[in-house]
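Please treat every number below as a calculation from the coordinates, not as lab data. A quick note: this is a predicted structure, and the numbers were derived from the prediction, not measured. We place every Cβ from the backbone using ideal geometry, glycine too, and count neighbours over all the protein chains shown.
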Amino acid sequence: MTIPAFYLEIQKFAQENLHYRNVKVRDLFKNYRNGKGLNLSKLGLSAMNLMDFECDIYMFDKDTIKFTPKLRILMDKYNKYPYYIDKTKLVLFGQEDRVLFKLYGSDVDTWIDHMESNL
């Protein structure tokens, strides 16, 4: 899914539909480097939502969960599709990613353990 054409498709959509003529792929993906990166920015999330990509949204209490850099690195290595993450929200776009998260009871710690053991 995350091939160069995919990144360019989202960039073109943002330029044409969100009226950001000078938007770069790095503006849409927080961690885009060397042709890779899955962590969407708020602008990237808006573009993906307007493009009608299927997603699941999970809300968390910011006092009960902390999305660490370790989790972000694991998600980039393990997941195949873009995701959005902030202090209280996780948005998963890939069907496989969504199914696995649900399979582990939407428990972030269990999900992290699964990702670590399967890399």
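Points to keep in mind about this one:
- Around R98: net Lys/Arg minus Asp/Glu count, Cβ-Cβ under 15 Å: -2
- Neighbour net charge for N31 - beta-carbon separation under 13 angstrom, K R +1, D E -1: +4
- Computed [θ] at 222 nm, deg cm²/dmol, the chain (DSSP H ≥ 4; -39,500 (n - 2.57); rounded to nearest 500): -13500 deg cm²/dmol
- Ordering of 25-32, 65-72, 109-116 by burial proxy (mean other Cβ atoms within 10 Å per residue, highest first): 25-32, 109-116, 65-72
- For q = 0.12, 0.16, 0.22 Å⁻¹, Debye-computed log10 I/I(0) when each Cα of segment 46-104 counts as one equal scatterer: -0.28, -0.51, -0.96
- Directionally averaged projected area (convex hull, Cα atoms, the chain), nm²: 7.2 nm²
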